[in-house]
Amino acid sequence: MNRRRTPRSGSAEDLLSTLQNLTARARREVEFHQARVELAQALQRDMLPAALPAVPGLQAAARYAPARNGLDIGGDWYDGFALADGALGFAIGDVQGHDVEAAAFMGQVRIAMRAIAATAADPGEVMGRTNDLLLSVDSGLFATCTFLRLDPVTWELHSARAGHVACVWAAVDGRSGITEDPGGMPLGIEPGESYPVTRRTLDFDGALVLLTDGVVEGPSLVIEDGLDRVRRLVAGHAGASAEVLADEVLGAAEPTGHADDAAVLVLRHAAARRGTR
């Protein structure tokens, strides 16, 4: 007896066609998203400084890590540069959001801050003018930031903070703490915002650590506990090099759940090895 194959129904043909279309669209969306991630990674890599300034008695080191899933990239940055009068500028920050738009905005913040710091010695003025400039481009994004200006002769450190997470410091003699400096609103929110300046002198051997909240806050850790954990870590390694400290502090991001990208900037200062300008 001859058996004839039953023709597929129209509904089955439609279902197969729909599945093929959905698969093709999903593939295109994955490829498009991957391209955006790779572009954000390239922007992030190219916009971060290749080297940080150093003078006798000061080592600087920085680290950056994307989020654990590799998709949240582009928001955090660090910077360090020499100024015409011999002072050094250092900054760390975190842009709202991620991906290509955040990476591009991060570049705008970094370039604006460098340009303004070249003509304004007061960190509060640098912050205020950067804030107003970013608002003028109307990107809709905002950024938290800390900016430091260090005089390598007097070792006076002037700093301003725009909604950013506190810094951590430690001395080789065992003292340590978390800075409680006053600050203003994040950059890019309110025009005419003022940023108070905190002044301190690095007259001891130790380290100052700037970081983003991805190091100290996440699904598994509240920010207060994360900061205290980093404080204890830095206190235990205050005599280490800046490179070692940067690695250790970035490693502290692991217990947070690492849901965000993370950046660390370490200033290792040693009074006994200072030079003069």
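The values are calculated or read from the model by the stated rules, or taken from the named source; none is laboratory data. Model, not experiment: these values are computed from the prediction. Here the Cβ is made from the backbone with ideal geometry for all residues, glycine too, and neighbour counts use every protein chain on show. Calculation scope for accessible area: heavy atoms of the full protein, side chains included, ligands and nucleic acids excluded. Shrake-Rupley method; radii C 1.70, N 1.55, O 1.52, S 1.80 Å.
Of note:
- Space enclosed by the convex hull of the alpha-carbon atoms of the range 91-141, per residue, Å³: 70
- The listed residues I92, I111, once ranked by accessible area (1.4 Å probe) with the largest placed first, stand as I111, I92.
- Cα-based Kirkwood hydrodynamic radius, the range 162-277, one decimal, Å: 15.1
- V222 sits with roughly 80 Å² accessible to a 1.4 Å probe, with DNA, RNA and ligands left out of the calculation.
- Rg to Rh, two decimals, where the range 85-228 supplies the alpha carbon set and Rh follows Kirkwood: 0.97
- Sorted on the mean count of surrounding Cβ atoms within 10 Å across their residues, most packed first, peptides 83-91, 170-178 read 83-91, 170-178.
- When the range 144-252 is described by a simple charge dipole with +1 on each Lys and Arg Cβ and -1 on each Asp and Glu Cβ, the residue from G183, G163, L211 located farthest towards its positive end is G183.
- For the range 175-217, GluC sites (Glu not before Pro) are listed when DSSP marks them as loop and at most 13 other Cβ atoms sit within 10 Å of their Cβ; the list is E180.
- For the range 125-193, a Kirkwood radius taken over Cα pairs fed into Stokes-Einstein (25 °C, viscosity 0.890 mPa s) yields D = 181 µm²/s.
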